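One structure is given below, encoded as C-alpha cells.
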Amino acid sequence: MRLAFVASETDVAQQARDVLVKHYGDVDPSEAEIIVSLGGDGFMLRTLHTFRTLAVPFYGMKLGRLGFLMNQHAVDGLVERIERAHPAVLHPLEMHVTCADGSEQRALAFNEVALLRQSNQAAHLQVRLNDAVKLEELVCDGILVSTPAGSTAYNLSAHGPILPLDANVLALTPISPFRPRRWRGAILPHATRVGFETRDPNKRPISATADFHEVRDVRVVEIRQSRRHGVRLLFDPEHNLQQRILDEQFALS
C-alpha cells in the first residue's frame, strides 16, 4: 500500500511521522493510494483542501488537541486498520463572495462558512434562500452555514443542531442574534442556495470565512453545497464518523 504521510508542524506530529515512515515507507502524495494526516482537526481540514484534487482517501491520526475527524494514533497494524476502515464522503460548501469594492472571491468549506461582524457594531444582514428573501433584516454578531461533518464544531458552539452525516441537510445558525429575538436558525435541504447581503457595508463591515479562508469587507455572500468536490475520509469501524456524531448528542462535557 502506497502511503503518503503528512504532519502538522508540532514536534509530536513530526516525530510520529518519522516513526511511521520508517515502518511503512513514504511516497509523494501525488503517487499515494492513501494520504495519512497526522495532527488535529484543523490540520486535517488543511490536508483536505491541499490534496482534495488527487481523488484518494484520507486517513487521519490524532496528534493534536481536537480529533473529531481523526482516528487514534498507533504505529502497529496501520495497513490492516486502513483496509478495515469505513469511508465517509464529505461534500464541501462553495462560497462566492462579492466584496464592497466589487471584487469577487470563491472558496470551499468542509466544516462551515461563517459571517462575522468586523466592528463593535452588530451586523445587519438580509437572508435569502433560493433567491427568496426569508429575513429582511437579521441583527446579530454573525451567522453560519454548516455541513453535517462541521455541525459539531463552531455550529455546536453557537447552539446550532448536530446533523447526522447522511441526513442531506445543512444547519443555518445565527451567532448572538438580537433581532428577530425568537429566531434561532433553520435546518435546510442540502441543495438550498443560501444568500446573505449586508445592509450597511461601510458602517457595519462583515467578514466571511470558509473553514480557514477569510475574506473581509464583504457585501454579498452566496453559499451552496458542492456535489463535485467530495472527499473520502476513512475511520476505524469502532470510531466511525456517523457514530461519533450520534454520540456527540449525548455528551455532557
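Bear in mind that the values in this text are calculations on the coordinates, not laboratory data. Predicted model only: the values in this text are computed from it and were never measured. Every residue, glycine among them, receives a Cβ derived from its backbone with ideal geometry; neighbour counts consider all protein chains shown.
Just to be sure I understand: with springs between alpha-carbon atoms less than 10 Å apart, which residue in R204, R179, R52 has the highest mean-square fluctuation in the Gaussian network model of the chain?
Top of the fluctuation ranking is R179.
Taking 0.36 nm per residue of sequence separation and subtracting the Cα-Cα distance, how much length would be gained by fully extending the chain between Q249 and T53, in nm to one decimal? Each step should come with its number before you reach the end.
Details: separation 196, 0.36 × 196 = 70.56 nm, distance 3.26 nm.
Full extension of this stretch gives 67.3 nm more.
What order, most packed first, do the peptides 27-33, 122-128 have when packing is the mean number of other Cβ atoms within 10 Å of each residue?
122-128, 27-33
Go through (1) 18.5; (2) 20.3; (3) 19.1 and flag the label whose value is the computed Kirkwood radius over Cα pairs in Å for this structure.
Given (1) 18.5; (2) 20.3; (3) 19.1, the calculated one carries the label (3).
Sorted by average packing, counted as other Cβ atoms within 10 angstrom per residue and highest first, what order do 133-141, 105-113, 182-190, 1-9 take?
With the highest mean Cβ count within 10 Å placed first, the list reads 105-113, 1-9, 133-141, 182-190.
Between segment 38-103 and segment 192-253, what's the alpha-carbon centroid distance in Å?
14 Å
Just to confirm the number: angle between the C-alpha axis of helix 41-51 and the first principal axis of the chain, 0 to 90 degrees, nearest 10?
80 degrees
Just rank I82, I175, I223, fewest to most, by other beta-carbon atoms within 10 angstrom.
Neighbour counts put them in this order, fewest first: I82, I175, I223.
For segment 173-178, in order, what is each residue's ³J(HN,Hα) by Karplus, 6.51 cos²θ - 1.76 cosθ + 1.60 with θ = phi - 60°, in whole Hz (x at glycine and Pro)?
Result, ordered by residue: 10, x, 10, 6, x, 10 Hz.
Give the shape of segment 32-161 as rounded, prolate or oblate, defined through the alpha-carbon gyration tensor: a ≥ b ≥ c are the square roots of its eigenvalues, a/c under 1.5 means rounded, and otherwise the shape is prolate if a/b is larger than b/c and oblate if not.
Because a/c hits 1.5 or more and a/b exceeds b/c, segment 32-161 counts as prolate.
Taking amide H atoms as placed 1.01 Å from N in the peptide plane, list the residues 5 or more away in sequence, or in a different chain, whose amide H sits under 5 Å from that of R179.
V139
Taking the chain as the reference, fit the longest principal axis to its C-alpha atoms, fit the long axis of helix 11-24 to the helix C-alpha atoms, and give the angle between the two in degrees, 0 to 90, nearest 10.
40 degrees
Using just the helices of the chain, give the 222 nm mean residue ellipticity in deg cm²/dmol: DSSP H runs with n ≥ 4 each add -39,500 (n - 2.57), and the total is spread over all residues, rounded to 500.
Calculated mean residue ellipticity at 222 nm is -5000 deg cm²/dmol.
Quick one: net charge around S146, please, counting Lys, Arg +1 and Asp, Glu -1 for every other residue with C-beta under 12 Å from its C-beta.
-2
Which of I245, I143 has the fewest other C-beta atoms within 10 Å, and how do the rest follow up to the most?
Details: I245 21, I143 26.
Least crowded to most crowded, the residues run I245, I143.
Step through the residues of segment 200-214 one at a time and calculate ³J(HN,Hα) from phi using the Karplus curve (6.51 cos²θ - 1.76 cosθ + 1.60, θ = phi - 60°), rounding each to whole Hz and writing x for Gly and Pro.
Karplus-based 3J(HN,Hα) across segment 200-214 equals 8, x, 7, 7, 10, x, 10, 10, 10, 10, 9, 6, 10, 9, 9 Hz.
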